[in-house]
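Handing you this structure, nothing more for now.
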């Protein structure tokens, strides 16, 4: 069997483990501003990368990682190289800022002609910032290849096909598809393997391939900015009331009456 070529798409997002009060809403600019939150690789994309590494361990595949955005943090994204990928491609351009899902998929799929041939595309099921979960599906449609969503396990078959386990309504489905194929990874696919400081330093000077909109020959009319109608901080009003009673049983009964009266039960 020929060497597989796997493309893994990763996104830079604010650390999803950051506390809620570290994110401020700028209502005029309609933006969420992280304060003191470092950028990280989207956790679902890390699972996709781990899936690619496991295939590489077993079949000797070549893994190319691709990321798109503006002002990408190279030290963060180089973690993908330290984890064992072979190449890292950055798509950087001010025109790529705040694109909607369809435009993002258009840009990401445009790099394909520069990295062909390929066998598998792996992406996270959704991004940790906007959680739309549609970009990978749109890419598959644009590339006219099969797409399998919410995958937790990937196996390579000898007949040029993949067999995967995918999540579906509290159960698991086993699906086969021919390559090339696009797979969106769920967190069940696995956590990204540990990357040592030595490995991160070793890839620190490795040359990267960087492309802008002109390099990709994009039709700029297809680049649409995400339209946000309204953005605000939700206000949660809380009230505390003590339930009285002479005994625990009476307090429980009074609580049930109160909850029923307020429509909770």
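The values are calculated or read from the model by the stated rules, or taken from the named source; none is laboratory data. Here the structure is a predicted model, which is why all the values come from computation and not from measurement. Ideal geometry is used to build each Cβ from the backbone, glycine not excepted, and the neighbour counts take in all protein chains shown.
Out of 148, 156, 210, report the one residue that is over 18 Å from the mean Cα position of the chain (by Cα) and farther than 27 Å from residue 92 by Cβ.
Numbers: 148 fails: over 18 Å from the mean Cα position of the chain (by Cα); 210 fails: farther than 27 Å from residue 92 by Cβ.
None of the other options fit; the residue is 156.
Given 186, 196, which one is in contact (Cβ under 8 Å) with a residue 60 or more places away in the chain, in the same structural domain as residue 151 (by TED's automatic domain parsing) and surrounded by fewer than 16 Cβ atoms within 10 Å (Cβ to Cβ)?
On the way: 186 fails: surrounded by fewer than 16 Cβ atoms within 10 Å (Cβ to Cβ).
That would be 196, the only listed residue that is in contact (Cβ under 8 Å) with a residue 60 or more places away in the chain, in the same structural domain as residue 151 (by TED's automatic domain parsing) and surrounded by fewer than 16 Cβ atoms within 10 Å (Cβ to Cβ).
Within segment 204-224, is even one residue under 24 Å from residue 125 (Cβ atoms) and either part of a loop (DSSP other than H, G, I, E, B) or modelled with pLDDT under 95 (or both)?
Taking segment 204-224 first, the residues under 24 Å from residue 125 (Cβ atoms) are 224.
Still in the list and also either part of a loop (DSSP other than H, G, I, E, B) or modelled with pLDDT under 95 (or both): 224.
The answer is yes, given that some residue of segment 204-224 is under 24 Å from residue 125 (Cβ atoms) and either part of a loop (DSSP other than H, G, I, E, B) or modelled with pLDDT under 95 (or both).
Whether any residue in segment 87-100 is in contact (Cβ under 8 Å) with a residue 40 or more places away in the chain, assigned to a helix (DSSP H, G or I), within 27 Å of residue 218 (Cβ to Cβ) and assigned by TED's automatic domain parsing to the domain that holds residue 193 is what I want to check.
Yes, segment 87-100 contains a residue that is in contact (Cβ under 8 Å) with a residue 40 or more places away in the chain, assigned to a helix (DSSP H, G or I), within 27 Å of residue 218 (Cβ to Cβ) and assigned by TED's automatic domain parsing to the domain that holds residue 193.
Follow-up. Taking the stated definitions as given, is residue 214 surrounded by fewer than 18 Cβ atoms within 10 Å (Cβ to Cβ) and in contact with a strand residue (DSSP E or B) (Cβ under 9 Å, 6 or more places away or on another chain)? Steps first, answer last, please.
Details: surrounded by fewer than 18 Cβ atoms within 10 Å (Cβ to Cβ): yes; in contact with a strand residue (DSSP E or B) (Cβ under 9 Å, 6 or more places away or on another chain): no.
No.
Within segment 51-86, restricting attention to residues that are in contact with a helix residue (DSSP H, G or I) (Cβ under 8 Å, 6 or more places away or on another chain) and part of a loop (DSSP other than H, G, I, E, B), which residue is surrounded by the fewest Cβ atoms within 10 Å (Cβ to Cβ)?
Among those residues, the one meeting the criterion is 70.
Of the residues that make up segment 121-144, is at least one over 19 Å from the mean Cα position of the chain (by Cα), assigned by TED's automatic domain parsing to the domain that holds residue 42 and not in a helix (DSSP H, G or I)?
yes
Among residues belonging to segment 173-203 that are within 14 Å of residue 45 (Cβ to Cβ) and assigned to a helix (DSSP H, G or I), point out the one that is nearest to the chain's Cα centre (by Cα).
The qualifying residue nearest to the chain's Cα centre (by Cα) is 187.
Of all the residues that make up segment 33-45, how many are surrounded by 15 or more Cβ atoms within 10 Å (Cβ to Cβ) and either in contact (Cβ under 8 Å) with a residue 60 or more places away in the chain or part of a strand (DSSP E or B) (or both)?
Applying the first criterion (surrounded by 15 or more Cβ atoms within 10 Å (Cβ to Cβ)) to segment 33-45 yields 34, 37, 39-45.
With either in contact (Cβ under 8 Å) with a residue 60 or more places away in the chain or part of a strand (DSSP E or B) (or both) added as a condition, the list becomes 34, 39-45.
Residues that pass the stated criteria total 8.
Among the residues of segment 125-138, are any under 14 Å from residue 181 (Cα atoms), in contact with a helix residue (DSSP H, G or I) (Cβ under 9 Å, 6 or more places away or on another chain) and surrounded by fewer than 23 Cβ atoms within 10 Å (Cβ to Cβ)? Please lay out each step first, then the result.
Let us first name the residues in segment 125-138 that are under 14 Å from residue 181 (Cα atoms), namely 136-138.
Those still in the list that are in contact with a helix residue (DSSP H, G or I) (Cβ under 9 Å, 6 or more places away or on another chain) too: 136-138.
Narrowing further to those that are surrounded by fewer than 23 Cβ atoms within 10 Å (Cβ to Cβ): 137-138.
Looking through segment 125-138, at least one residue is under 14 Å from residue 181 (Cα atoms), in contact with a helix residue (DSSP H, G or I) (Cβ under 9 Å, 6 or more places away or on another chain) and surrounded by fewer than 23 Cβ atoms within 10 Å (Cβ to Cβ).
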